[in-house]
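Novice: Before I ask anything, here is the structure I am working with.
Bear in mind that the values in this text are calculations on the coordinates, not laboratory data. Everything numeric in this text was worked out from a predicted model, so none of it was measured. Positions of Cβ are generated from backbone atoms using ideal geometry, with glycine treated the same way; all protein chains shown enter the neighbour counts.
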Amino acid sequence: MQLEFKNLEQIQRYKLMSNLVIPRPIAWISTISSNNVLNLAPFSYFTPLSSNPATFIVSIGHKQDGSPKDTLKNLRETKKCSIVIATDSEAGDLNASALSLPENVSEFQECNIEQKIINPNYPVIPKSAKIAFFCSYLQEVDLKNSKTIPVIVELQEVYIDDSLVADKEKLRFNFKNPLARVGAGYYKLGEEIEV
């Protein structure tokens, strides 16, 4: 089968890309509005972009009414976010936080997700989080006629729970069962294999 993308409908393009580029890491992004409302939402169009400068890219869509999602709005206003890499034990909370809520309602509160402060200069993260990246807004990428906005954020600080550190000198970690997207479903990543 060979398909020319220009001849495909948007939903077909999405299904092909999301089902064939696997697994896709999930950025569970915490932001805060200029009115101090916490927002928490998962995004699976997310990946590291560069290590120098240390950057990630995440594509953020719009709400049904065409307005920017709260994460994008908050990033534009406050220029900061915290990105958590969730595990299988957090799948329920992560999925619940994907709800479309009014911008004055916090997913932390609505979904009863406990929070913790690691870096007081960045938005709080879920209490269960073992890995978090504290990032600042860098720039957006203009994709003509796209309904998503690719946003580049720059990594300022990383949090790694001490229980995950296997070798501090070699920066090796025992991070078990991180979540990823494969097609429309959530999957936990399995064991390392020897090659």
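Novice: Can you spot a residue in the stretch 79-100 that is surrounded by fewer than 16 Cβ atoms within 10 Å (Cβ to Cβ), touching a Ser or Thr at 6+ places or on another chain (Cβ under 9 Å) and not in a strand (DSSP E or B)?
Specialist: Scanning the stretch 79-100, I find at least one residue that is surrounded by fewer than 16 Cβ atoms within 10 Å (Cβ to Cβ), touching a Ser or Thr at 6+ places or on another chain (Cβ under 9 Å) and not in a strand (DSSP E or B), so the answer is yes.
Novice: Restricting to the stretch 1-51, name every residue that is out of contact with any strand residue (DSSP E or B) (no Cβ under 6 Å at 6 or more places or on another chain), part of a loop (DSSP other than H, G, I, E, B) and under 26 Å from Lys73 (Cα atoms).
Specialist: Ser33, Ser34, Asn35, Asn36, Val37
Novice: Just to be sure, is Ala184 exposed (fewer than 11 other Cβ atoms within 10 Å of the Cβ) and in contact with a helix residue (DSSP H, G or I) (Cβ under 8 Å, 6 or more places away or on another chain)?
Specialist: yes
Novice: Oh, and also: Restricted to the stretch 105-126, and to residues that are surrounded by fewer than 21 Cβ atoms within 10 Å (Cβ to Cβ) and among the hydrophobic types (A, V, I, L, M, F, W, C), which residue is nearest to Ser33 (Cα to Cα)?
Specialist: Only one residue fits best here, namely Val105.
Novice: Okay, next question. Among the residues of the stretch 23-37, how many are more than 15 Å from the chain's Cα centre (by Cα) and either within 14 Å of Ile113 (Cβ to Cβ) or touching a residue at least 60 places away in the same chain (Cβ under 8 Å) (or both)?
Specialist: Going through the stretch 23-37 one residue at a time, the tally reaches 3.
Novice: If you don't mind, another one. Could you grab me the full set of residues in the stretch 132-181 that are among the β-branched types (Val, Ile, Thr), surrounded by 13 or more Cβ atoms within 10 Å (Cβ to Cβ) and not in a strand (DSSP E or B)?
Specialist: Thr148
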